[in-house]
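The values are calculated or read from the model by the stated rules, or taken from the named source; none is laboratory data. No experiment lies behind these values; they were computed from the predicted model shown. Backbone-built Cβ (ideal geometry, glycine too); neighbour counts: all protein chains shown. Only protein heavy atoms, including side chains, enter the accessible area calculation; ligands, DNA and RNA are left aside. Shrake-Rupley method; radii C 1.70, N 1.55, O 1.52, S 1.80 Å.
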Amino acid sequence: MATLEIPEMADDLRRADAAVVRAKAEVTRAQDEQRRAESVHNIARLSFQRLSTVADKKPGLVAQQEIDEAQSRDLVTEAQVAAAKSALAAAEEQVNVNSADTQKVKTLMDYTRVTAPFAGLSPSDTRTPVP
């Protein structure tokens with residue numbers, strides 16, 4: 001049996017492992033961004049709904065411009081939530097890609113071990129015992 005030393009492959013494996021760690025950190029960041037966007041959207045939606053309710057119950061009390069701006073903020077924040085969800089999905093997929101790269105390097109490193117296709121005896125096993 002023999003093991004080939006290929007320093008470049010070890011470097012590739014470390015780089016692939018680091019890429020997985022970095023991608024997982026990006027997933028965490030994207031999850032935080034999605035939560036932030038959802039929070040902002042909830043406030044914008046609530047604000048728009050409250051202004052609309054007041055405008056329906058007491059016409060003329062709230063300027064139409066305020067209602068339109070609140071609705072616009074609601075729609076913008078809804079789009080931001082969608083973008084954050086897409087960014088999270090992309091980050092999660094990058095983890096999968098980087099994990100596959102790591103597995104590929106590990107598979108290639110397995111080829112650095114050369115083994116005999118049969119069971120053999122080591123030179124020390126062939127000696128005759130001394131009485």
Using the Karplus curve 6.51 cos²θ - 1.76 cosθ + 1.60 with θ = phi - 60°, what ³J(HN,Hα) values do you get for each residue of the range 14-23, in whole Hz, with x for Gly and Pro?
4, 5, 5, 4, 5, 5, 5, 4, 5, 5
Lysines whose Cα lies under 23 Å from that of Lys85, excluding same-chain neighbours fewer than 8 positions away:
Lys24
Between the alpha carbon centres of the range 63-120 and the range 6-48 the gap in Å comes to 8
Dividing the helical contributions, -39500 (n - 2.57) per DSSP H run of n ≥ 4, by the residues of the chain yields a 222 nm value, nearest 500 deg cm²/dmol, of -28000 deg cm²/dmol
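Take each of the peptides 106-118, 35-47, average the number of other beta-carbon atoms within 10 Å over its residues, and list them starting from the highest. Show your work: numbers first, answer last.
Working: 106-118: 9.8, 35-47: 15.5.
The densest-packed peptide leads the list: 35-47, 106-118.
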What share of all Cα pairs of the chain, in percent, falls into each consecutive 10 Å distance bin?
11, 19, 16, 14, 12, 9, 7, 5, 3, 2, 1, 0
Most packed first (mean Cβ within 10 Å per residue), the peptides 55-65, 8-18 order as 8-18, 55-65
Share of the chain's accessible area from carbon and sulfur, percent, 1.4 Å?
56
